[in-house]
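Taking it in order: structure first as structure tokens, then the write-up.
The values are calculated or read from the model by the stated rules, or taken from the named source; none is laboratory data. Keep in mind the model is a prediction, meaning the values are calculated, not measured. We place every Cβ from the backbone using ideal geometry, glycine too, and count neighbours over all the protein chains shown.
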Amino acid sequence: MFIFTMALSACGGGDGASFAPASGNTHCAVSVGTQRITGKVTSVHDGDTITVGGESIRLASIDAPELDQAYGPSSRAHLAAMVLGQSVTVTYAQKDAYGRVVGTVFKSDCSQANLNQVTSGAAWYYEAYQCEIDIRQRQAYSAAHAAARTAKMGLWVNAAVAPWVHRNGVEAKVPASCPNGDGASNKSGSDPV
């Protein structure tokens, strides 16, 4: 145990965060990645990036408006109100090209910050990466996205430009099907508004 604690301190986990492989691939009855980080959220960069235990976390399956876009600062404020200073568990399987953990953020009550951002209209469901989550999660994100858009919640109050279009000038490529045989969700998040 002493060696494990020392290793955590050396890799940035000495501030109360723990980094460990998960047992199984579910957390709060949701299929997730096999790695876990548990700790306090110390900063919120934008509507889809936080810091836990010194580790930059990119919220999986969503894309929030950039800070220089309409609703970008509001999206960040919504995420900060939900998780800043709170203990969370991040489940993940990979890091992105920038070295950030790409994960699902669970609050202590098992609610998902990622899904809450979409439900409240503070982020898009990022369908380009839908094959990285199971069919039940795809359905939940797709339904949350469609409901927020229909109700004109958050970023949907006005015409909205998807963050990937804002960054790259083109629509994201959404897979028609996933390699595991699950059908892809409907195209609720990839069309420009």
Can you work out which of the residues in the stretch 162-172 that are under 21 Å from the mean Cα position of the chain (by Cα) and at pLDDT below 85 is surrounded by the most Cβ atoms within 10 Å (Cβ to Cβ)? 172
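Okay, residues lined up against (1) assigned to a helix (DSSP H, G or I); (2) at pLDDT below 95:
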position: 7; (1), (2): yes, yes
position: 16; (1), (2): no, yes
position: 38; (1), (2): no, no
position: 44; (1), (2): no, no
position: 76; (1), (2): yes, no
position: 89; (1), (2): no, no
position: 94; (1), (2): no, yes
position: 105; (1), (2): no, no
position: 115; (1), (2): yes, no
Need pairs with beta-carbon distance below 7 Å; first residue within 10 Å of residue 172 (Cβ to Cβ) and crowded, with 23+ Cβ neighbours inside 10 Å and within the stretch 123-140, second hydroxyl-bearing (Ser, Thr, Tyr) and at pLDDT below 85; sequence gap 6+ or separate chains. 127/185; 127/190
Kindly check whether there is at least one residue in the stretch 82-101 that is surrounded by 21 or more Cβ atoms within 10 Å (Cβ to Cβ), closer than 18 Å to residue 155 by Cα, out of contact with any Ser or Thr (no Cβ under 8 Å at 6 or more places or on another chain) and not β-branched (Val, Ile, Thr). no
Which of the following residues is over 13 Å from the mean Cα position of the chain (by Cα) and closer than 26 Å to residue 70 by Cβ: 128, 122, 113? 128
Quick check: anything in the stretch 69-90 in contact with a strand residue (DSSP E or B) (Cβ under 9 Å, 6 or more places away or on another chain), among the aliphatic types (A, V, I, L, M) and over 17 Å from residue 45 (Cα atoms)? no
The stretch 141-161 - residue that is farther than 21 Å from residue 46 by Cα and crowded, with 16+ Cβ neighbours inside 10 Å and, of those, nearest to the chain's Cα centre (by Cα): 142
